[in-house]
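Report on one structure; see the data block that follows.
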Amino acid sequence: MLHLSDPNLPARVSAKLAEYQDEIDEVENYAERVTLGKSRFSSRNTTTNATFRVVRARLSEMCSGAQRCVYCEDSVGDEVEHIKPKDLYPEDVFRWPNYIYACGPCNGGKNNKFAVINQGNLVIVTRPRGAPITPPSLGDPAFINPRTEDPLAFLTIDLLGTFLILPCEGLDPVAESRAKFTIEVLNLNRDLLLDARQNAFGGYRARLLEYRHRRDDGADVNELNALRDDLLATPHPTVWAEMKRQAPFIPTLQDLFEAVPEANEWLD
């Protein structure tokens, strides 16, 4: 999971989302706002809605590769995910900064699971099924938001064996609790993803070796640019980012990146 670029919405689309959100905000009762927000989002998040056609197109631009899920980077991201769950935060149902594209396993698994940081403590605010619809406890979101934060400031990948996503070493207690919560909620270490990251690691390394060999054999700039672009289109760009970050500590990667220093400047 990487920090996302943020393509701007056309003014008309932003205005329409604001109009949709105003309809929700005008309702005084919190429980009624939640119910209305969920209903209106369901009816408007369709392929026939001109506003959401643009929203989906912009979300697709934010994905890596062939529209990969922003969270796991493996499955197709085709569900509009609310980073702050609409079941808890009706005031953000139609807020553009609250959207990303996620896959079914990540979006369905996360659902309305959420937590906040209150006075240095992580407080779960997920509403149990059948519980009264009341506002969540106040606090800053614990879930790492890839639209406003750099997930790599919190998370790392074990490239030397397990390919687990883990909290970075040296985090303060609050940051570490946020990292663990995000990993758990998204189930980022399910077996399928461990295998996929390992395969991506091998793929990136092989493509970089190919680039090095073709460059040293005198390939022209067009061929080299095509090889670079193919590498950057490989799924799991966080693996690539981690390869660059960890290269000084892994001899085989260090040698490779020293031989191809320009790769350090390639965008993830």
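Structure notes:
- Those residues of the range 82-93 which are touching a Lys or Arg at 6+ places or on another chain (Cβ under 8 Å) and either modelled with pLDDT under 95 or farther than 14 Å from P146 by Cα (or both), in sequence order: P85, K86, D87, L88, P90, E91, D92, V93
- Of the residues contained in the range 164-185, none is found to be farther than 30 Å from D140 by Cβ and not charged (D, E, K, R).
- In the range 227-268, the residue that is surrounded by the most Cβ atoms within 10 Å (Cβ to Cβ) out of those that are among the small types (G, A, S) and in contact (Cβ under 8 Å) with a residue 24 or more places away in the chain is A263.
- Helices (runs of 4 or more DSSP H) contained in the range 169-268 and holding at least 1 residues under 30 Å from I124 (Cα atoms), assigned by TED's automatic domain parsing to the domain that holds C103 and touching a Pro at 6+ places or on another chain (Cβ under 6 Å): 173-186
- Residue that is farthest from R44 (Cα to Cα) [pool: residues in the range 124-149 that are aliphatic (A, V, I, L, M) and surrounded by 15 or more Cβ atoms within 10 Å (Cβ to Cβ)]: A142
- The residue that is surrounded by the fewest Cβ atoms within 10 Å (Cβ to Cβ), among those in the range 171-194 that are out of contact with any helix residue (DSSP H, G or I) (no Cβ under 9 Å at 6 or more places or on another chain) and not hydrophobic (A, V, I, L, M, F, W, C), is D191.
- Being under 20 Å from the mean Cα position of the chain (by Cα) and modelled with pLDDT under 95 is a description that does not apply to T156.
- Hey, L152 surrounded by 15 or more Cβ atoms within 10 Å (Cβ to Cβ), closer than 22 Å to T238 by Cβ and either touching an Asp or Glu at 6+ places or on another chain (Cβ under 8 Å) or among the β-branched types (V, I, T) (or both) or not: yes
- Residue in the range 196-204 that is touching an Asp or Glu at 6+ places or on another chain (Cβ under 6 Å) and among the hydrophobic types (A, V, I, L, M, F, W, C) present: yes
- With respect to the conditions (1) in a loop (DSSP other than H, G, I, E, B); (2) within 20 Å of A66 (Cα to Cα); (3) of a type in the set (F, W, Y), F163 lacks only one, and its number is (2).
- Total residues in the range 111-125 satisfying the condition of being part of a loop (DSSP other than H, G, I, E, B) and touching a residue at least 24 places away in the same chain (Cβ under 8 Å): the figure is 6.
- Among residues of the range 195-226 being of a type in the set (A, V, I, L, M, F, W, C) and surrounded by fewer than 17 Cβ atoms within 10 Å (Cβ to Cβ), the one that is farthest from K84 (Cα to Cα) is A219.
- Subset of the range 22-71 that is of a type in the set (A, V, I, L, M, F, W, C), farther than 18 Å from F94 by Cβ and at pLDDT below 95 - its residue that is nearest to the chain's Cα centre (by Cα): V70
The values are calculated or read from the model by the stated rules, or taken from the named source; none is laboratory data. Keep in mind it's a predicted model, so treat the numbers as computed, not measured. Counting neighbours? That spans all protein chains shown, and the Cβs are built from the backbone with ideal geometry, glycine included.
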